[in-house]
1. Give me the net charge for the shell around Leu49: Cβ to Cβ below 14 angstrom, other residues only, Lys and Arg +1, Asp and Glu -1.
2. Can you give the percent of C-alpha pairs in the chain whose distance is more than 17 Å?
3. Between Ala17 and Glu64, how high is the FRET efficiency from 1/(1 + (r/R0)^6) when r is the Cβ-Cβ distance and R₀ = 25 Å? Nearest 0.05.
4. What length, rounded to one decimal in nm, is gained on full extension from Lys55 through to Met39, with 0.36 nm per residue of separation minus their alpha-carbon distance?
5. Which cross-chain or sequence-distant (5 or more) residues have an amide H under 5 Å from the amide H of Leu12, H modelled 1.01 Å from N in plane?
6. Out of residues 5 or more away from Gly26 or on other chains, whose amide H comes under 5 Å of its own, with H placed 1.01 Å from N in the peptide plane?
Amino acid sequence: MPTCRNCNGTGLIAISAVCQKCSGTGEIITYDSDGTESMQLCPNCEDGLIYIEQKCSSCKGTGEVVSL
Ligand SMILES: [Zn+2]
Ligand SMILES: [Zn+2]
C-alpha cells in the first residue's frame, strides 16, 4: 500500500499552536527580587510553538492509504 503523503507514513500529524505561557516568543522574562530582568527559554514550547500530535485523518493513523 502506498505511504500516506499527508503524514509521510508516520500516521501522526503535528499541529502547532502558539504557546500561551510565553505568547509565542519562546522566551520568558523573569524579574529577580532586586528587579533584575533575566530571560529564560520557555520550557513549555519550542520557539514559541507547541506541537500537538494528532492521528492523521487521511490514513486514520495507519500511515498507509488504500489506493482504489
Ligand atoms: Zn512558550
Ligand atoms: Zn496519514
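Nothing in this text is a laboratory measurement; each read-out follows from the coordinates by a stated rule. Because the structure is predicted, anything quoted here is derived from the model rather than measured. Note that we place each Cβ from the backbone using ideal geometry, even for glycine, and neighbour counts take in every protein chain shown.
1. -3
2. Counting every Cα pair in the chain, those more than 17 Å apart make up 57 percent.
3. 0.35
4. Contour length minus Cα-Cα distance gives 2.2 nm.
5. Amide H to amide H, under 5 Å and 5 or more residues apart or across chains, Leu12 pairs with Cys56.
6. Those lying under 5 Å, H to H, from Gly26 are Gly48.
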